[in-house]
Amino acid sequence: MIQPPIPPEIRDVLAGEPFDFIVKSSRAVPLKKSLYVLVFGLFWLAFMSIFVAAFFGPVFMGKEVRFELNGAPTVAGPGNLDPLLIPALIIGSFVLIGLGLTGYGIYLLRAKGAWYIGTPKRLVIYKKNETRSIDWEQFSGDIEVNGTAEKGSITLLMRTGQMVSQRSGLSRYVSDTIYIAGIQNAFQIEKILVKRIKENDPTPPGEPGI
């Protein structure tokens with residue numbers, strides 16, 4: 001894996017500020033996450049295809065389909081499609097969810113990475129003339145590294161996040177995440193990240209972190 005030349009725009013962003021590392025990621029998110037979203041979307045579509053075939057397959061073949069609607073036995077066929085309207089809307093909405101997940105998974109697989117620059121005070125993310133600067137104190141210190149010495153991915157959790165509702169009705173806090181995916185020397189960079197986050201930890205000594 002060969003590191004591409006550093007764009008001159010990054011030097012302009014730093015404006016003489018010292019840096020610990022400059023690395024170009026090959027992906028926007030780790031491959032594992034992209035594949036998970038794609039496979040889940042395909043599984044969702046495959047599962048919903050069972051209902052599509054059960055409700056609409058016989059009709060396409062010129063036959064009747066029998067089911068219960070609001071607790072009452074209902075018959076639908078080529079000459080009586082009105083009873084299929086509600087099932088079509090329900091099943092169609094779930095099919096759209098599956099298509100959305102599948103499309104998003106494909107997008108994540110193809111999404112290109114960005115430049116990541118670590119300085120003593122911040123992490124700079126540069127991509128297509130857009131720059132994002134994140135102070136080290138905004139990271140929680142929870143870091144995950146996957147891969148090999150030649151190519152790996154780093155996942156950084158932040159102190160910010162949001163509450164997400166679950167099927168049980170309860171909510172859980174989900175931290176915002178920064179991915180540095182498909183880079184060289186991931187384990188060496190992880191050591192630098194740990195050092196800088198600890199140095200800039202806003203939590204007073206002896207008190208628990210956020």
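Values quoted throughout were computed directly from the atomic coordinates according to the rules given, and no laboratory measurement underlies them. Source: prediction; values computed, not measured. Using ideal geometry, Cβ is built from the backbone for each residue, glycine included, and neighbour counts are taken over all protein chains shown.
PRE reach from residue 12 (point 7 Å along Cα→Cβ): which of the range 117-160 fall under 17 Å by backbone N?
125-133
Can you run phi through the Karplus equation (6.51, -1.76, 1.60; θ = phi - 60°) for the range 121-135 and list ³J(HN,Hα) in whole Hz, with x for Gly and Pro?
Along the range 121-135, the couplings run 10, 7, 10, 10, 10, 10, 7, 6, 6, 10, 10, 10, 10, 10, 5 Hz.
Can you work out D for the range 90-183 in µm² s⁻¹ from Stokes-Einstein, where Rh is the Kirkwood radius over C-alpha pairs, the temperature is 20 °C and the viscosity is 1.002 mPa s?
On the way: Rh = 16.1 Å.
The diffusion coefficient I find is 133 µm²/s.
Anything over 19 Å Cα to Cα? Flag those among 121/151; 33/128; 32/128; 121/191, in the order listed.
Values: 121/151 26 Å; 33/128 23 Å; 32/128 25 Å; 121/191 15 Å.
From the list (121/151; 33/128; 32/128; 121/191), the Cα-Cα distance tops 19 Å for 121/151; 33/128; 32/128.
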